[in-house]
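The values are calculated or read from the model by the stated rules, or taken from the named source; none is laboratory data. These numbers come from a predicted model, not from an experiment. FYI the Cβ positions are ideal-geometry reconstructions off the backbone, even for glycines, and counts take in every protein chain you see.
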Ligand code: S3P
């Protein structure tokens, strides 16, 4: 099913909003809950297509899971060695996190499994996980992209691995394989990346040693069931944080958002551009820091985005490019070549989209140069990338004519009620039910 968003210009963004649960934490909660001993309760679970793909994969491997019902999920854990062979290949849709993290878990099983996904996932690089897993002793058949066939019954050895790219997915994959390995698995990252796996393993009673950028664990332990409260996803909140920063008039409160220091690059970057963002009611919920985020209208100015912020804002660049388009002067991003291998090539797709609405955007191999200017109306192809589709919906807050965005169905992978929340806050977006992309 394809879907088109049609967004009319508007200039105000107001209200108190709760965006859906964190995608990264929701995936990990299903995985660790399934592998734990006892019953795990999850609150605030993201009922998006990506996290539901992870949930369905564990159901297919014999784990009894109730829900999601009003964002609650109950998992009857089977223990680290209790999964059963699925009767068919696991289909993981659009979800790179499911594929890469599951690879680590599957490498340690006593059965073989095949994993595949949609056209976008089938283009994404998997050697970054299959190579170190093979060094650990796993046996994986792949041509470098999905599908992956992971053969069971291999003895895994701990590994001492330095990540060539700052990737939380690769780090997490190897730590999860490390649960099944003999000896110690240590992963060193070139820069800080999201640490939800480490935090959640500790919450499930599994000892994890962390020193600077190096994290280690010993194989052969146990996970104890836990209760998990998933905070709202800062990556989803980011659309409204940018929206309020670029609107002519705005005062938005985003409730109960995860502000893990490894995820707040979007706040750091926008503040440097002059955004008016304040954090309230800061607290810790289930091992993750949370706050209510208030954002008021501001005049942004262009900056050189500090390289160290890139991994901390890696999913937020589509909407940060919109912020740059609305800022005075030039914004320059470098050191972000990873954006080329996300759900789409986000450097190319965003540069094309920005040009289609009259913005001077020059893609570079590892980033983009954007001159702030007047956003015009136009037609955007999101290339099935959820974050590109949502970013251009937000851009309409500064556009002088209607923006039409094609291929938006994948918004449901991370933010199923995006359009409704955007409308509530003042964005004039609609998605006509009976217009298919091809017919327009
Ligand atoms: C994720 C890590 C990031 C991010 C992705 C989710 C995770 O990917 O882009 O959306 O949950 O670990 P990389 O590890 O490839 O940077």
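Filter the stretch 132-152 for residues that are surrounded by fewer than 19 Cβ atoms within 10 Å (Cβ to Cβ) and in contact with a strand residue (DSSP E or B) (Cβ under 9 Å, 6 or more places away or on another chain) and give the result.
Across the stretch 132-152, the qualifying residues are 134, 135, 137, 139, 141, 142, 149, 151, 152.
Kindly establish whether residue 20 is touching a helix residue (DSSP H, G or I) at 6+ places or on another chain (Cβ under 9 Å) and crowded, with 24+ Cβ neighbours inside 10 Å. Before the answer, list the steps.
Working: touching a helix residue (DSSP H, G or I) at 6+ places or on another chain (Cβ under 9 Å): yes; crowded, with 24+ Cβ neighbours inside 10 Å: yes.
Yes, satisfied.
Take the stretch 316-335 and flag every residue that is within 16 Å of the ligand (Cβ to nearest atom) and buried (at least 24 other Cβ atoms within 10 Å of the Cβ). Quick ask: steps written out before the conclusion?
First pass over the stretch 316-335, keeping only residues within 16 Å of the ligand (Cβ to nearest atom): 316-321, 333, 335.
The answer is 316, 317, 318, 319, 320, 321, 333.
Just to be sure I understand, how many residues within the stretch 152-197 are within 12 Å of the ligand (Cβ to nearest atom) and in contact (Cβ under 8 Å) with a residue 60 or more places away in the chain?
18
Can you pull out the residues in the stretch 386-416 that are under 15 Å from residue 432 (Cα atoms) and out of contact with any strand residue (DSSP E or B) (no Cβ under 9 Å at 6 or more places or on another chain)?
409
Just the residues that are outside any strand (DSSP E or B) and more than 25 Å from residue 356 (Cα to Cα), please, taken from the stretch 270-297. Give the derivation first.
Within the stretch 270-297, the first condition is being outside any strand (DSSP E or B), and the residues that meet it are 270-275, 286-287, 297.
Result: 271, 272, 274, 275, 286, 287, 297.
Report the residue count in the stretch 334-365 for those that are within 20 Å of the chain's Cα centre (by Cα) and either closer than 21 Å to residue 168 by Cα or at pLDDT below 95 (or both).
Taking the stretch 334-365 as the starting set, the residues that turn out to be within 20 Å of the chain's Cα centre (by Cα) are 335-350.
Next, from what is left, pick out any that are either closer than 21 Å to residue 168 by Cα or at pLDDT below 95 (or both): 335-347.
Result for the stretch 334-365: 13.
Limited to the stretch 250-272, what total is found for residues that are surrounded by fewer than 23 Cβ atoms within 10 Å (Cβ to Cβ) and in contact with a strand residue (DSSP E or B) (Cβ under 8 Å, 6 or more places away or on another chain)?
Within the stretch 250-272, residues that are surrounded by fewer than 23 Cβ atoms within 10 Å (Cβ to Cβ) and in contact with a strand residue (DSSP E or B) (Cβ under 8 Å, 6 or more places away or on another chain) number 8.
Give the residue, chosen from 303, 264, 277, that is touching a helix residue (DSSP H, G or I) at 6+ places or on another chain (Cβ under 9 Å) and either within 16 Å of the ligand (Cβ to nearest atom) or within 30 Å of residue 178 (Cα to Cα) (or both).
Working: 303 fails: either within 16 Å of the ligand (Cβ to nearest atom) or within 30 Å of residue 178 (Cα to Cα) (or both); 277 fails: either within 16 Å of the ligand (Cβ to nearest atom) or within 30 Å of residue 178 (Cα to Cα) (or both).
Of the residues listed, the single one that is touching a helix residue (DSSP H, G or I) at 6+ places or on another chain (Cβ under 9 Å) and either within 16 Å of the ligand (Cβ to nearest atom) or within 30 Å of residue 178 (Cα to Cα) (or both) is 264.
Find all pairs meeting these conditions: Cβ atoms under 7 angstrom apart; at least six residues apart or on different chains; first residue within the stretch 28-46 and on the phi > 0 side of the Ramachandran plot and in a loop (DSSP other than H, G, I, E, B); second residue within 16 Å of the ligand (Cβ to nearest atom) and at pLDDT 95 or above.
Short answer, once both residue conditions are applied: 44/21; 44/230; 44/231.
So residue 200 clears everything in (1) part of a loop (DSSP other than H, G, I, E, B); (2) within 16 Å of the ligand (Cβ to nearest atom); (3) crowded, with 23+ Cβ neighbours inside 10 Å except one condition, right? Which one?
The number of the failed condition is (1).
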